[in-house]
Amino acid sequence: MSSLIAIIGAILAFFIIVVVHEYGHFVVARWVGVKVLRFAIGFGKPIFKHRAKSGVEFVIGWLPLGGYVKMQDAFSQSDNLPGSSGDAFESKSLWARMAVVLAGPITNLILATFLFAIVYSIGITQMKPIIGEVMPHSIAAKAALKPGDQIIQMGRSKTNDWQRIVMFLITHIGDQRNLSMMVLPKNSQTPSPRTINLQHWQFNPLQPDLLSSIGLTTYFPKIPPVVSVIMPDSPAAKTDLRPNDFLLSINKQLVDSWQGLVAWVEKHPNQSTTLTVRRNGNLKNIPVMIGEKHEAGRVIGFLGIQPKPIKIPDDLKFKQQYPWYLSGEPALIETAQWMSFHLIVIKQMLMGRISLKALGGPISVFQTAGSASLAGLTAYLEFIAIISVVLGVLNLLPIPALDGGHFFFFIIEAVIRRPIPTRVQVMLINMGVIFLVTIMVYATLNDFTRLLQ
C-alpha cells in the first residue's frame, strides 16, 4: 500500500509542477492576444484529449516528463487552425513575447512561495543540528568540533537545522579560505567561534553523505532495542524473533541501544550469530543468519526489523510556525534562498568543484517524491515547492530550447533592433536540445549507477 501511495504521490507532484508552469505560459499568452492551439501535459500518445469552447485543445500524454503550450506561429501553413482567438506569437511586441516566455518559470516560483507559506502556517519541526560523533583527524575534528556541540551559525547564515548546514557546505566546496562558524558547546549557552577548512574536502558524488564526509554524525537520542516490526521475507522473519522482544545481546556482546545493534549488524553481513532477548520476563537465545544489502557502494548486513518509535525531547527540536497572514515573508525568503542555492550549485558544477556525477535524473526525483509523499503533508508540500524552484531556475538559464534561451534571444533582438535570423535560432535551439538530452541521459545513467550500488 505504501508503494502505491509513493507512486501516486510522485506522479501528482510532477503533474502539479508541470501544469502550473505551462499554465503560466498559457494565461499570459491569452492575455497578450496570442492564439493558443494546444495545452499539453506529458508527451507521446494522448490518453486524454478535449477541445474547449475557446478552441484550445487540452491533452495529457502517457509520458509525464514535461509539457508544452503550442501557439500560432508566423510560419504555419494556415491561419485557420483550431485554437483560441488571437494572432501569431511572432506578431506580438517584444515585451509581450518576453512576458510569455518568462511566465512559466515565474509561475513556478510563485507556486513555491505559496507552498512554503502553507508549510510555515502548518508548522515544520526539525532536529536541531547537534553533533553526535566526530571522527578523528577529520575536517570536523580539525575545526575543534565536539560531540554535543550545536551548530548555530555558518558564515553569516543561521543554522536552525541540518538542512541549512548541508546547503552551506555544498555552496562552499573548494573555498580556499577558512570559513567561520558558531557553536553552542554541550551544557553551555555561550556561543563559541570555530573555523572550518573545506579546501581539500572530497566526497562520493554518487552517494554524497556530506556530513560523514567531513567527519561528523548527527545526534539522535538512544532508541531502546525493542522490536516493533519484523519485515516480511527478511532474515528476521525466518527466525523466532517477535514484536516486543527486548534485545539484550548479539554474539554475546551487550546491546545498549538500537543504534548500537544496527552498527554491529551492518559490519557483519552474511554471518551466523545469536541474539539474546528478553520476552515476557524470560531470556531466550535466537539463532539468526544476518542478510546483506548494498548501500553507498558497499555491502552491509541487515536483519529486517524496526524499533518502537520514541518521543523526541522538545529541547532537541526546532519548530517554525507562523500565522497564515505572516507566513508570506518567510516563504519569500525560503524561495529566494533555494534559488540562490541552486544557482550556486550550477556555478560550482561549471567550475568543476562539484562532479556531474552528483546530477540526479528522473529516477532520483521520482524516488524522492515518493518518499516525501510518505513522510507527511508538510514534507510533501516542501518537496513540491523545492522542485518547483528547481524547474523555475533551470528554465531561466540562457540555454536555447529553454525559456531562458528564448528570453536571451529577445534581449539580443532588443539590442540589435531586429530578430535573430530564423535559421540561426533553429540551429541554436537544436544544439540546446542535444545538450539537454545529453545531460538528461547522463543524469539517468547516474540514477542507474546509484541503484546498482
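FYI, it's all coordinate maths here, none of it is from the lab. Just so it is clear, the model here is predicted, and its values are computed rather than measured. Glycine also receives a Cβ, built like all others from the backbone with ideal geometry; neighbour counts cover every protein chain displayed.
Give the label of the value calculated from the structure for Rg/Rh (Cα atoms, Kirkwood Rh), choosing from (i) 1.04; (ii) 1.01; (iii) 1.06.
(i)
Relative contact order (percent) for the chain, with alpha-carbon contacts under 8 angstrom and 6 or more residues of separation?
Averaging sequence separation for qualifying contacts and normalising by length gives 17 percent for the chain.
Run the simple label-point estimate for Thr125 and Gln202 please: 7 Å along Cα→C-beta, distance reported in nm.
Here the modelled spin labels are 4.2 nm apart.
Amide H to amide H, which residues 5 or more places from Leu248 or on other chains are under 5 Å from it, using H placed in the peptide plane?
Answer set, sorted by chain and number: Thr276, Val277, Arg278.
Percent relative contact order of region 96-151, based on C-alpha pairs within less than 8 angstrom and at least six residues apart? Provide the component values of the computation, followed by the final result.
Numbers: 24 pairs, mean separation 15.8, N = 56.
Dividing the mean separation by the residue count of region 96-151 yields 28 percent.
List the aspartates and glutamates whose Cα sits under 13 Å from the Cα of Lys293, skipping any in the same chain fewer than 8 residues away.
Glu266
May I ask which residue of Trp264, Val345, Val441 lies farthest towards the positive end of the charge dipole of the chain, with charges of +1 (Lys, Arg) and -1 (Asp, Glu) on Cβ and the Cα centre as origin?
Trp264
Within region 210-315, which trypsin sites (Lys or Arg not before Pro) sit in a loop by DSSP and count at most 16 neighbouring Cβ atoms inside 10 Å?
Answer by residue number: Lys222, Lys252, Lys267, Lys311.
Place a point 7 Å from the Cα of Ser234 along the Cα-to-Cβ direction; which residues of region 207-226 have their backbone N under 17 Å from it?
223-226
For the cross-link pairs Lys252/Lys284; Lys238/Lys284; Lys128/Lys319; Lys142/Lys222; Lys186/Lys317, which exceed 21 Å when the distance is taken from alpha carbon to alpha carbon?
From Lys252/Lys284; Lys238/Lys284; Lys128/Lys319; Lys142/Lys222; Lys186/Lys317, over 21 Å: Lys142/Lys222.
For Ser340 and Ile412, what does the FRET efficiency come to when R0 = 25 Å and r is the distance between their Cβ atoms, rounded to the nearest 0.05?
On the way: r = 26 Å, r/R0 = 1.06.
For R0 = 25 Å, the calculated efficiency reads 0.40.
Efficiency by 1/(1 + (r/R0)^6): what FRET value for Asn282 and Glu133, r their Cβ-Cβ distance, R0 = 35 Å, to the nearest 0.05? Present the calculation step by step, with values, prior to reporting the outcome.
On the way: r = 35 Å, r/R0 = 1.00.
Approximately 0.50, to the nearest 0.05.
Residue separation times 0.36 nm, minus the C-alpha to C-alpha distance between Ser355 and Phe318: what's the value?
Here the answer is 10.0 nm.
Trypsin sites (Lys or Arg not before Pro), restricted to region 159-200: which are DSSP loop and have at most 14 other Cβ atoms within 10 Å? Spell out each step's value before the answer.
Working: sites: Arg164, Arg177, Lys186, Arg194; in loops: Arg177, Lys186.
For trypsin sites (Lys or Arg not before Pro) across region 159-200 that sit outside H, G, I, E and B with at most 14 neighbouring Cβ atoms in 10 Å, the list reads Arg177, Lys186.
Tilt of helix 377-396 relative to the longest C-alpha principal axis of the chain, in degrees (0 to 90, nearest 10)?
Around 40 degrees separate the two axes.
Amide H neighbours of His268 under 5 Å, at least 5 residues apart or on other chains, H built in the peptide plane: list them.
Counting only residues 5 or more places away or on other chains, the set is Gly301.
Quick one: compute the contact order of region 151-256, relative version, from alpha carbon pairs under 8 angstrom and 6+ residues apart, as a percent.
On the way: 112 pairs, mean separation 17.8, N = 106.
Value for region 151-256: 17 percent.
Report, in deg cm²/dmol and to the nearest 500, the calculated mean residue ellipticity at 222 nm for the chain, where each DSSP H run with n ≥ 4 adds -39500 (n - 2.57) and the sum is divided by the residue count.
-14000 deg cm²/dmol
Once phi is turned into ³J(HN,Hα) by the Karplus curve 6.51 cos²θ - 1.76 cosθ + 1.60 with θ = phi - 60°, what whole-Hz value does each residue of region 427-444 show in order, with x for glycine and proline?
4, 5, 5, 4, 5, x, 4, 4, 4, 5, 5, 4, 4, 5, 5, 4, 5, 5
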